[in-house]
Each structure stands twice: as structure tokens, then as C-alpha cells.
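Encoded as C-alpha cells, the structure appears first; notes follow it.
Read-outs: derived from the displayed coordinates by stated rules, not from any lab. Since the structure is predicted, the reported quantities are computational estimates derived from the model, not experimental observations. Glycine gets a Cβ as well: all are built from the backbone with ideal geometry, and neighbour counts include every protein chain shown.
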Amino acid sequence: MANADEASALFRTDHDRIYRYVLSLVHNPSEADDLTQGTFLRAYSHRDSLRDPNAIRGWLYRIATRVCLDHLRQRVALVSLDGEEGASQLIRCPLRPLRRWKLPNGRKPLPACNAA
């Protein structure tokens with residue numbers, strides 16, 4: 001991928017395929033669209049790291065996977081303390097496995113934090 005014309009051709013041929021893959025990971029069309037664009041931007045900015053031009057599709061999938069994982073690590077769920085929709089008191093609940101958490105005094109995590 002030496003120039004903008006090659007990058008444009010790559011985008012046209014693989015955009016739909018990468019979008020469907022990203023959508024299968026994030027289950028949100030709007031996020032999938034943004035992350036697909038981020039995948040191609042990252043691929044273009046790191047085009048010099050592609051060792052084998054014949055493996056470009058696998059390279060794109062790897063970049064898409066990394067972009068999605070980065071996004072999912074940063075995503076935070078808002079959980080209501082009252083369990084009511086639209087409640088005014090919300091807490092941030094990181095979407096990480098609860099087994100890593102050690103809560104003081106033997107307290108158990110909020111059940112709502114298990115929802116992703």
C-alpha cells in the first residue's frame with residue numbers, strides 16, 4: 001500500500017467485509033462504522049509495517065481486532081443504583097471480569113455490573 005490510490009482501492013474492496021467483522025464484535029452499527037473507519041486509518045498510518053503484501057487481508061483483520069479490543073476496554077457501562085431506568089444516581093461500572101475484583105469486607109459486586 002504505497003500510495004493513496006492503493007489505499008482507496010483497498011478500502012473499496014475490503015470495507016464491507018471488515019465492517020461485518022467489526023459489527024460481529026461490537027453489536028452496534030454506529031460503533032462498527034466508526035471502528036471500521038478507525039481500522040482503515042490505522043492501517044494507512046502503519047502501512048510500512050506490512051511485511052507481506054499478499055497477507056493484507058489478514059493484516060486488516062488483525063488491526064480491526066485490535067481496534068475493537070481497544071474500544072471495548074475503554075467502554076464503561078452506567079448502572080443505576082436504584083435499578084430504575086432514568087434514575088439520577090448512576091455509577092460507572094467497568095466492563096471487566098468480576099473475578100479480578102477484590103472488594104473489601106467480603107462485599108459482593110453489584111449484580112447489575114454483570115450486564116454488558
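Taking the number of Cβ atoms within 10 Å of each Cβ as an exposure proxy, the fewest-first ranking of VAL67, VAL26 is VAL26, VAL67. Stretched out straight at 0.36 nm per residue, the stretch from GLN37 to ARG12 would grow longer than its current Cα-Cα span by 7.8 nm. What percent does the relative contact order of the range 4-74 come to when contacts are Cα pairs within less than 8 Å and at least six residues apart? Relative contact order for the range 4-74 comes out at 36 percent. Relative to one another, the C-alpha centroids of the range 49-76 and the range 29-45 are positioned 10 Å apart.
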